[in-house]
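Chemist: Got a structure here, written out as structure tokens. Questions coming.
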Amino acid sequence: MAYTIIDVGYSQGEFDWESAKGQIDGAIIECGYGSDYDSQDDAQFERNVSECERLGIPWGAYLYSYASNDDMANSEADHALRLISGHSPQLPVFIDVEENGLQGFAHRACEVFCQRIKDAGYTTGFYSGRAYANGAGLGDLPWFAWIAEYGADSCSFDGNLSAWQYTNSGVMGVDTSYFYALGGGGSQSGVDLNALADAVLRGDYGNGDDRKSALGANYDAVQTIVNQRLASQDAPAPVDLNALADGVIRGEYGDGDDRRAALGDNYDAVQAIVNSRLGVSDATQAQTYTVQSGDTLSGIAAQFGTDYQTLAAANGIDNPNVIYPGQVLTI
């Protein structure tokens, strides 16, 4: 089976946990961002943890990473450990790696952070968008893999998927995920669901009723993982927007309506990159951008030659770490 898990932070304000309790199996709570400074603690973390503990809701935590070296990754681990000290999270403690420009260090950041959390006695893992995670090569990490991909029938992560964040407007209107196990590394009560999925794909458990009988209570969870892996093998390669922008600049996609037709759903994103490269900023150009899965505010700002603080102010964004696919930003 898959467990319904939400993630909540200060941007949700004083979240109504009483109403959420009957709709969820647990929650991952934002504890803060970056290195170990009190000013970077999530303002609602203590209240959210207290409410989950009061209501008996299993919870874990995540910290948004800005690490670009080992010292910063260790400081981020210190940050998370300081905040969860004195508590007993039943779900993993995650590092959230998705910051634009840091993909090259993301794999190492996960290694440093997760090892520290594990050594402290907690279950651990990493969170990222599907395209970012695959680009960073996170699929070979041994930790609990929590991956976001919206608007798809499955999550095409290049690794053993432990949890899939499938929407940013699910239960109570917040980010909602399917967790295929509630423990670390895809296991619960000593059962390694990913290892069982490996065996199913090798043919060790047959098909149909034979497989159901052999896997017993683990059938639904294992079959979900198997389906995800098979779907990811057939998934199309992610669109390289920068390569399309290169083609536009070379003249391969024409102009006006011809270009729009050729690029289809990618037109707005590609044109924004082209405009940024060419320094186009006059008022005749559309000054909006539609957020794509895996985008960050700082990355979008870089495309348009501005900074994330300016974009946040122009769009009334209180938390620059929280933007959603489909959100239209004024540039």
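The values are calculated or read from the model by the stated rules, or taken from the named source; none is laboratory data. All figures in this text were calculated on a predicted structure; none of them were measured in a lab. Ideal geometry is used to build each Cβ from the backbone, glycine not excepted, and the neighbour counts take in all protein chains shown. Surface accessibility is based on the protein's heavy atoms, side chains included, excluding ligands, DNA and RNA. Shrake-Rupley method; radii C 1.70, N 1.55, O 1.52, S 1.80 Å.
Chemist: Under the definition of Cα pairs under 8 Å and six or more residues apart, what whole-number percent is the relative contact order of the chain? If you can, show how the numbers build up before the last one.
Modeler: Details: 591 pairs, mean separation 45.4, N = 331.
Dividing the mean separation by the residue count of the chain yields 14 percent.
Chemist: While we're here: Percent of accessible area on the chain owned by carbon and sulfur, 1.4 Å probe?
Modeler: Numbers: 6540 of 14900 Å².
Carbon with sulfur: 44 percent of the solvent-accessible area.
Chemist: I need the shape label for region 1-87. Rule: rounded when a/c is under 1.5, else prolate if a/b > b/c, else oblate, with a, b, c from the alpha carbon gyration tensor.
Modeler: On the way: a/c = 2.28, a/b = 1.90, b/c = 1.20.
Cα axes put region 1-87 in the prolate bin.
Chemist: For P(r) over Cα pairs in 10 Å bins from 0, in percent, which listed value, (1) 5, 19, 21, 15, 12, 12, 9, 6, 2, 0; (2) 5, 24, 32, 23, 12, 3, 0; (3) 5, 24, 34, 28, 9, 0, comes from the coordinates shown?
Modeler: Correct label, based on the coordinates given: (2).
Chemist: So for the pair THR288, ASP258, with labels modelled 7 Å out along Cα→Cβ, what separation do we get in nm?
Modeler: Label at THR288, label at ASP258, 2.7 nm between them.
Chemist: Does region 44-178 come out rounded, prolate or oblate, given a ≥ b ≥ c as the square roots of the eigenvalues of its C-alpha gyration tensor, rounded meaning a/c under 1.5 and, failing that, prolate meaning a/b above b/c?
Modeler: Working: a/c = 1.80, a/b = 1.09, b/c = 1.66.
Taking the square roots of the gyration eigenvalues as a ≥ b ≥ c, region 44-178 is oblate.
Chemist: Let me ask something additional. Would any residue of region 73-117 have its amide N under 20 Å from a label point 7 Å out along Cα→Cβ of TYR37? List them or say none.
Modeler: Of the residues in region 73-117, 73-84, 96-102 have backbone N under 20 Å from the label point off TYR37.
Chemist: Tell me the per residue accessible area of the chain using a 1.4 Å probe; a whole number in Å² is fine.
Modeler: Working: 14900 Å² over 331 residues.
Solvent-accessible surface per residue comes out at 45 Å².
Chemist: Hey, another quick one. Count charges around GLY247 for me, please; just the other residues with Cβ under 15 Å from its Cβ, Lys/Arg as +1, Asp/Glu as -1. Mind showing how you got there, number by number?
Modeler: Details: positive: ARG250, ARG259, ARG260, ARG277; negative: ASP240, ASP246, GLU252, ASP255, ASP258.
Residues near GLY247 contribute -1 overall.
Chemist: Right, here's the next one. How much of the DSSP bridge set in the chain is antiparallel, in percent, rounded to the nearest 5? Walk me through the numbers on the way to the answer.
Modeler: On the way: 14 of 40 bridges.
Taking every DSSP beta bridge with both residues in the chain, the antiparallel ones total about 35 percent.
Chemist: Another one. Label GLN115 and TYR267 with points 7 Å out from Cα along Cα→Cβ: what is the distance between them in nm?
Modeler: Modelled inter-label distance: 5.0 nm.
Chemist: On to the next question. With the crude spin-label approximation of a point 7 Å out along Cα→Cβ, what separation in nm comes out for ARG250 versus GLU14?
Modeler: Using points 7 Å along Cα→Cβ, the separation is 5.9 nm.
Chemist: Taking the Cβ of TYR289 as the centre, find all other residues whose Cβ is under 11 Å away and add up their charges (Lys, Arg: +1; Asp, Glu: -1). Let's see the in-between values first.
Modeler: Details: positive: none; negative: ASP268, ASP295.
Taking every Cβ under 11 Å from that of TYR289, the sum is -2.
Chemist: Near GLY203, within a Cβ-to-Cβ distance under 13 Å, what is the net charge of the other residues, with Lys and Arg +1 and Asp and Glu -1? Show your work: numbers first, answer last.
Modeler: On the way: positive: ARG202, ARG211; negative: ASP198, ASP204, ASP210.
Every neighbour counted, the sum reads -1.
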